[in-house]
Structures are given as structure tokens and as C-alpha cells.
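Trainee: Dumping the structure here so I can ask a few things about it.
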Amino acid sequence: MSVAAAESQSLNTAPLLPVQVKTVDDALSPLDRNSELSLLNGHAGEWVRVSSIMLDALEAAIAAAERSGGLVDPTLMRMLERSGYAPRGRQTPALLARGLARPMVRLPAAPSAAGEWQRIQLDRKRSVVRLRRGVRLDLAGSVKAMAVDAVAAILADVPSVAIHAGGDIRLAGARPTARGVAIGHPLLEGHALRTTISGGAVSTSGLRTGVWKVGCDFAHHLIDPARAAPAWTGVIQVTAIAPTMLDATTLAKEALLRGPHAGRAVLQRHGGIMILDNGRSMTIAGLDTVDTDPEGRPLQQSRVEATDTPTRRCQRRAWSRVRPGRATREPV
């Protein structure tokens with residue numbers, strides 16, 4: 001995470017921010033066996049004493065699940081691991097274009113009937129939490145959003161500041177300065193579009209860097225809760241605009257999971273950009289975009305191609321998943 005103030009501004013609180021962000025990371029890192037998150041995941045079924053940071057993170061994750069109707073579900077870590085996800089990126093990475101080249105049915109995601117996120121027990125007075133036995137949490141998206149919004153609150157009295165986090169941006173301060181935002185394309189090298197925001201947050205959820213190979217198949221990190229498997233909805237990237245980073249992150253992920261038709265409705269209130277798996281981009285709610293750089297030159301693009309050919313065994317397995325007579329896409 002980085003914080004940039006307008007010229008001539010000083011950030012008296014800036015030295016404290018790295019310490020606060022590190023504290024959040026130490027408590028909620030899924031890679032640290034001694035973190036609070038790992039401790040909680042390892043003691044599902046028991047009451048576990050946690051810090052205020054963990055309580056805030058859980059409330060943010062539950063709020064995201066509620067706002068998305070259960071699609072942005074924080075209790076899907078086991079499903080993610082069954083899909084081939086490994087800590088520290090030990091899965092075999094793959095090009096998104098390769099995954100999209102195989103025959104498949106595109107279906108919108110749906111919430112899980114179990115709704116384990118609704119069964120997270122949280123007691124703020126006693127600072128304890130209990131998960132149902134067998135449940136493990138994945139808080140990555142909501143934790144980053146929570147941290148960005150917390151920094152924005154700390155810097156609320158600064159005239160204008162921009163907080164950058166993993167490609168997302170949140171404008172904050174008493175009088176935020178408008179900034180240009182370039183949107184990368186998941187199937188092209190370079191940027192697809194540029195837009196300008198004057199406040200709030202911009203967050204992107206997509207598959208460009210989150211695809212890996214599993215035998216003859218491909219998987220990614222966005223899970224369909226109802227099917228307990230990676231969601232292939234016909235949408236491969238969504239950029240959402242909203243007043244807070246938690247809202248923008250939730251809307252982007254929800255819109256991608258709902259697919260082209262329902263996803264557009266999710267973005268109608270604040271606007272956004274949706275990119276389909278055929279490479280087509282759509283702007284939602286009249287969002288102003290341009291396809292040139294700040295100097296007016298066309299944005300340079302080159303397609304990322306899937307250069308290898310799958311084996312015959314993998315081709316047979318892929319085609320066997322698509323039953324005759326079934327549509328392979330949701331209507332756009």
C-alpha cells in the first residue's frame with residue numbers, strides 16, 4: 001500500500017501508517033501459521049479469543065457477504081484449496097487465454113445453500129469468535145479494503161490524498177483531487193481504457209493473474225459458492241467505482257460472479273467497466289472513458305495468445321464436459 005498527497009501537502013501521520021498496515025497483515029495473514037487468522041481457522045468449532053483487528057475484519061467480510069447476497073463469501077477457503085490453490089503461489093500458473101480456449105459452459109454463480117458465513121458467531125463484548133467445525137476463512141479481499149478505508153479515515157483532514165493498494169485506488173481527504181485511472185485488459189498487453197474519478201474508490205476483480213493448471217483443467221481464485229468450484233461466468237474482469245474501498249471491492253467481485261446480464265445491474269448505481277471473455281469491454285452507467293493516454297496517443301495493445309495445443313486426452317475430457325444442446329454462454 002502506498003499513500004500519495006498532493007504537492008505542498010505534508011502527512012504528519014504518514015510514519016504511523018506502515019506500522020498500522022503491518023499490524024493488520026501480521027494478524028490476518030493466511031501464510032503465517034502464528035497469525036490470528038491461522039489460529040482461528042485451526043480451531044473451528046471452538047470459541048477463540050481475537051483482537052479488535054480480527055473482529056473488524058470479520059465484520060467487513062460479513063458485510064460484503066450480506067451486500068452481495070452471499071456471493072462474496074469469506075468461508076470458501078476449503079473449496080479454493082480443493083480447486084488447486086496452494087499457499088505462497090505454489091500452484092502451476094497458466095495464461096487466462098489458455099483456460100478460456102477450452103470448451104466450457106458459462107454459468108452465473110450462486111450463493112451456497114449452507115451459507116456458512118451467516119453462522120459465524122462473533123461476540124464483541126468478550127472478543128471471541130467461533131466458526132462451525134470444518135469452516136476455514138479467506139479474508140484477503142475484505143482485509144485489503146478494510147485497511148485502505150481505515151487509512152482514508154485517518155487522513156480525512158488532509159486536503160487531498162490518494163491511497164494505492166494492489167492496483168486499486170481510494171481518494172480521500174477534505175477536498176480530493178481528481179485523478180486519471182488506467183484500466184488494464186486481461187487478454188491484452190497494455191491498457192484498455194482510462195477514466196477519471198474525483199472521489200471514492202476504484203477496485204478491479206479479475207482472472208488475469210489468478211489462473212492455474214490442474215491436470216488437464218484450469219482453475220482460478222474466484223469460487224462459485226453454490227458449485228464449490230471456480231466460476232466461469234463469461235465475465236473475466238470488472239472494475240467498480242464506489243464511495244469506499246470495501247463497497248468497490250465487493251461490487252467488482254459480485255458483478256463478475258453474477259455474469260454479464262446481472263453483473264451490469266450490480267454496477268448501475270456507481271458505474272464500472274466489465275470485460276467479457278471474448279475481449280469486449282462494456283462501460284456501465286455512463287462512465288466516461290477514453291482509449292488514449294494523457295498525451296492523446298492511442299493506448300498500445302497486443303493480444304496474449306494461447307500458444308500451446310492440448311493433448312488429445314485433455315481435448316476429450318474438455319469436450320465431455322459440454323453436453324449437446326446446452327448454451328455455452330449467458331446472454332449478453
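Trainee: In terms of modelled amide H atoms, which long-range or inter-chain residues lie less than 5 Å from the amide H of residue 224?
Mentor: Result for residue 224 returns 229, 231.
Trainee: Hey, another quick one. Quick one: net charge of residue 253's neighbours, Cβ under 13 Å, K/R +1, D/E -1? Don't skip to the answer; put the middle values down first.
Mentor: Values: positive: 67, 144, 258; negative: 73, 138, 168, 224, 247, 254.
Computed value for this residue: -3.
Trainee: Set the Förster distance to 22 Å, then compute FRET efficiency between residue 66 and residue 128 from the Cβ-Cβ distance, nearest 0.05.
Mentor: Values: r = 21 Å, r/R0 = 0.97.
Taking R0 as 22 Å, the efficiency between residue 66 and residue 128 is 0.55.
Trainee: Just add up the charged neighbours of residue 62: K/R +1, D/E -1, any other residue whose Cβ is under 13 Å from the Cβ of residue 62.
Mentor: Working: positive: 67, 119, 124; negative: 56, 59, 66, 73, 116.
Combined, the nearby Lys, Arg, Asp and Glu give -2.
Trainee: Which net charge results for the neighbourhood of residue 164, defined as the other residues with beta-carbon distances under 15 angstrom from its beta-carbon, given Lys and Arg at +1 and Asp and Glu at -1?
Mentor: Values: positive: 144, 170, 179; negative: 149, 168.
Overall, the nearby charge balance is +1.
Trainee: In terms of modelled amide H atoms, which long-range or inter-chain residues lie less than 5 Å from the amide H of residue 188?
Mentor: Result for residue 188 returns 304.
Trainee: Just to check I understand the Karplus step: with θ = phi - 60° and J = 6.51 cos²θ - 1.76 cosθ + 1.60, what whole-Hz values come out for segment 115-130, glycine and proline as x?
Mentor: Here the 3J(HN,Hα) series is x, 4, 4, 6, 9, 5, 9, 9, 10, 5, 4, 9, 6, 10, 9, 9 Hz.
Trainee: For residue 49 paired with residue 157, estimate the spin-label separation in nm (one decimal), with each label point 7 Å from Cα along the Cα-to-Cβ line.
Mentor: 3.5 nm
Trainee: Rounded to whole Hz and in sequence order, give me ³J(HN,Hα) for segment 147-158 from the Karplus expression 6.51 cos²θ - 1.76 cosθ + 1.60, θ = phi - 60°, writing x for Gly and Pro.
Mentor: Those phi angles translate into 5, 5, 5, 5, 5, 4, 5, 4, 9, 4, 8, 6 Hz.
Trainee: Still on this structure, please answer the following. Relative to the present Cα-Cα distance, how much length would full extension add between residue 33 and residue 174 at 0.36 nm per residue of separation? Spell out each step's value before the answer.
Mentor: On the way: separation 141, 0.36 × 141 = 50.76 nm, distance 4.00 nm.
So the extension gain works out to 46.8 nm.
Each value in this text was obtained by applying a stated rule to the coordinates, not by laboratory testing. On a predicted model such as this, the values are computed, not experimentally measured, just so you know. Here the Cβ is made from the backbone with ideal geometry for all residues, glycine too, and neighbour counts use every protein chain on show.
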